[in-house]
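Chemist: Pasting a structure here, questions to come.
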Amino acid sequence: MKLSVRTAGLAAFAALLATACAPQTSTNSSSDEDEKTGTLRVWLFREVGNAPKEKVVDRVVADFEKTHQGAEVDVEYIPVDTRAQRVKAAFNDPGSAPDVMEYGNTDTAGYVRDGGLLDVTREFGDWREAKDTDPTAKQSVTVDGKLYGAPFYVGVRALYYRTDVFEELGLSVPRTMDELASTAREIRAARPELYGLVVGGAYTYGAMPFVWANGGELASGKGGSYASGIDSPQARKGIKAYTSLFGDDNCPAATCAGMGGNDTVSAFAAGKAGMAIGGDFSHTAVEAGKVKGKYAVVPLPGVKAGSIAPAFAGGNNIGVLKSTSHRTLAVQLMKRLASKKTQGELFDAMGFLPTFTDVRQQAARREPFVKPFVRTLSAGTEFVPASPAWAQIDSSLVLPTMFQEVISGKKDVTKASEDAAKKMNSAFGSAG
């Protein structure tokens, strides 16, 4: 999709003025050029129900082009599930790479190791709005004290449930993980056309709260040196709890083993499930579905009554590629896309939680649906190891493979987690 606004007259003078007045930018780009006109290529993730996101971005792009004469912005929305292949190809072939891209906060360390992201520490420090950035969000763009992008949104997951189904069946909202499982099976038994709790074998961040709530960890270590913890007794207890939900009495393995996060949200939105684990960023898709007005959200319960299962502190960032030949323009566009104004609009359009603390507080006051997610954030979240190895572990589907091996009966929990741990440790070792 190419977005551009062309204005006649004084274009050359405006371009010259922009060059003269442009702020200083980092000089660590692998390109020797810093063109002030031409086409900026942008890659953003395609969401479930992407149209509202596109409208917000369209406005940002139109405004950017009006204030940067001679510059055009070409936006492409890429699938999240195949991002690893696309980004790897872009790093290897700068000619096919975008200038600016959205990326998951778990990918930061790996992309920096691969030399793909531009160091924007100075520009971020000079950015007036940056002072209100959530410290956790800022950490997600930080590697060895340097910043490689701007936080775009923060995301956590909670429990979506059908209020009409619960009322019809006389069910109470689950207070523990055991109650979550038994409630899911009650729904399936009474309404066999529904999944009780829709789950996915390829839904890593929907599964991990079960591991964390049972005291397990992905890995332990610091300073870049990590060892897998996915084969600990506590982690195995969580793996067993999650994989036990795949069966005819809740979510049939033949259908659900291959599902990812978007698949489970889509199923819930379509009215095919009594419950689902979805993010604040899933709100718009659910509202656009058949269950609008017939659902509510609460924090995902932990092992003990009254506790909240730790959620993955997810989210995305906006970064500039080191290969860009439009350094100044690309950094300016990064700031526009990640600005307070844009984040506020994306919250209204998509439900993305802002990374600026003041904007997020304003959002929570306006929209009650945010409260369960803010409660989840406040209860304590988890993150992936801050190692370049995580990108390899994630892209090679180590954890989904482990879950799916257990679900299919190919391996038991002990063997599957043992093999997953070996793969993780190999990746950690290779990363140095």
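Chemist: Zone of D348 (label point 7 Å along Cα→Cβ, backbone N under 19 Å): which residues in the stretch 284-306?
Modeler: Within reach of a label on D348: 284-285, 287-288.
Chemist: Taking amide H atoms as placed 1.01 Å from N in the peptide plane, list the residues 5 or more away in sequence, or in a different chain, whose amide H sits under 5 Å from that of V303.
Modeler: M177
Chemist: For the stretch 90-248, treating each Cα as an identical point scatterer without solvent, what Debye log10 I(q)/I(0) comes out at q = 0.11, 0.17, 0.18, 0.19 1/Å?
Modeler: -0.68, -1.06, -1.11, -1.16
Chemist: Excluding E418 itself, what net charge comes from residues whose Cβ is under 12 Å from its Cβ, given Lys and Arg +1 and Asp and Glu -1?
Modeler: Surrounding charge for E418 is +1.
Chemist: Of the listed pairs K292/K371; K131/K322; K146/K322; K237/K422, which have alpha-carbon separations greater than 21 Å here?
Modeler: Beyond 21 Å: K131/K322.
Chemist: Let's see if you can work this out: charge +1 on each Lys and Arg Cβ, -1 on each Asp and Glu Cβ, no other charges. What is the dipole magnitude of the chain about its Cα centre, in debye to the nearest 20?
Modeler: Dipole about the Cα centre, nearest 20: 520 debye.
Chemist: Shifting gears a bit: Could you state the angle between the C-alpha long axis of helix 357-366 and the longest principal axis of the C-alpha atoms of the chain, as a value from 0 to 90 degrees rounded to the nearest 10?
Modeler: The helix 357-366 is inclined about 60 degrees to the chain.
Chemist: How high is the FRET efficiency from T82 to E287, r the C-beta distance, R0 22 Å, rounded to 0.05?
Modeler: 0.25
Chemist: Hey, another quick one. On a full-extension model of 0.36 nm per residue, what is the gain between T414 and R365, subtracting their alpha-carbon distance, rounded to one decimal in nm?
Modeler: Roughly 13.1 nm would be gained on extension.
Chemist: While we're here: Do the sum for the chain: with -39,500 (n - 2.57) for every DSSP H run of n ≥ 4, divided by all residues, what is the mean residue ellipticity at 222 nm, to the nearest 500 deg cm²/dmol?
Modeler: The helix contribution divided over the chain gives -13000 deg cm²/dmol.
Chemist: Quickly rank 284-292, 84-92 as a protection proxy: mean count of other C-beta atoms within 10 Å, highest first.
Modeler: The densest-packed peptide leads the list: 284-292, 84-92.
Chemist: For labels at R46 and T255 in the simple 7 Å Cα→Cβ model, what's the distance in nm?
Modeler: With each label placed 7 Å out from Cα toward Cβ, I get 2.4 nm.
Chemist: Extent of the chain along each principal axis, from alpha carbon coordinates, in Å, largest to smallest?
Modeler: Extents along the principal axes: 71, 49, 35 Å.
Chemist: Mind telling me which of D144, D119, D81 comes out most flexible in a GNM of the chain, alpha-carbon contacts under 10 Å?
Modeler: Per the Cα network of the chain with a 10 Å cutoff, D144 tops the list.
Chemist: Would you look at the GNM of the chain, springs on alpha carbons closer than 10 Å, and say which of I78, I277, I230 moves the most?
Modeler: Per the Cα network of the chain with a 10 Å cutoff, I78 tops the list.
Chemist: Another question about this same structure. If packing is taken as the mean number of other Cβ atoms within 10 Å per residue, what is the order of 64-74, 199-209, 364-374, 327-337, highest first?
Modeler: Highest mean packing first, the order is 199-209, 327-337, 64-74, 364-374.
Chemist: Moving on. Roughly what % antiparallel, to the nearest 5, for the DSSP beta bridges in the chain?
Modeler: 65
Chemist: May I pose another question? Rounding to the nearest 10 and keeping the result within 0 to 90°, find how far the Cα-based axis of helix 177-190 lies from the longest principal axis of the chain.
Modeler: That works out to roughly 70 degrees.
Chemist: Let me ask something else. For K240, list the lysines whose Cα falls under 16 Å from its own Cα; do not include residues on the same chain fewer than 8 positions away.
Modeler: Partners within reach: K410, K411, K415.
Chemist: Order the peptides 317-325, 182-190 from the highest to the lowest mean number of other Cβ atoms within 10 Å of their residues.
Modeler: Result, highest mean Cβ count within 10 Å first: 317-325, 182-190.
Chemist: When the solvent-accessible surface of protein heavy atoms is calculated with a 1.4 angstrom probe, in what order do F356, F281 fall, highest first?
Modeler: F281, F356
Chemist: Quick check: with the 1.4 Å probe, what order do D164, D280 take by accessible area, largest first?
Modeler: From most exposed to least exposed: D164, D280.
Chemist: Applying 1/(1 + (r/R0)^6) with R0 = 41 Å to the Cβ-Cβ distance of K66 and E382, what FRET efficiency is obtained, to the nearest 0.05?
Modeler: That gives a FRET efficiency of 0.45.
Chemist: Right, next: Around T39, which amide H atoms from residues at least 5 apart in sequence, or from another chain, sit under 5 Å from its own amide H, with H modelled in the peptide plane?
Modeler: Excluding prolines and chain starts, which carry no amide H, the hits are E72.
Chemist: Could you work out how far apart the two model spin labels at V173 and N92 are, taking each label as a point 7 Å from the Cα in the direction of the beta carbon, and quote it in nm?
Modeler: So the two model labels end up 4.9 nm from each other.
Chemist: Turning to a different aspect of this structure: Ordered by residue, what ³J(HN,Hα) values in Hz, to whole numbers, does the stretch 420-425 give under the Karplus form 6.51 cos²θ - 1.76 cosθ + 1.60, where θ = phi - 60° and Gly and Pro are x?
Modeler: Couplings: 5, 4, 4, 5, 5, 5 Hz.
Chemist: Quick check: the distance between the Cα centres of the stretch 276-299 and the stretch 183-243, to the nearest angstrom?
Modeler: Answer, in whole Å: 21.
Chemist: By what distance, in whole Å, do the Cα atoms of the stretch 323-406 stretch along each of the three principal axes, largest value first?
Modeler: Principal extents (largest minus smallest coordinate, Cα): 43, 43, 21 Å.
Chemist: Same structure again: In whole Hz and in residue order, list the ³J(HN,Hα) couplings for the stretch 344-351 that follow from phi through the Karplus curve 6.51 cos²θ - 1.76 cosθ + 1.60, θ = phi - 60°; x for Gly and Pro.
Modeler: Per-residue couplings from phi come out as x, 5, 5, 5, 4, 7, 10, x Hz.
The values are calculated or read from the model by the stated rules, or taken from the named source; none is laboratory data. Bear in mind the structure is a predicted one, so any value in this text is a computation, not a measurement. Don't worry about glycine lacking a Cβ; one is built from the backbone with ideal geometry, like all the others, and counts go over all protein chains shown. To get the accessible areas, we keep the full protein, side chains included, count just its heavy atoms, and leave off ligands, DNA and RNA. Shrake-Rupley method; radii C 1.70, N 1.55, O 1.52, S 1.80 Å.
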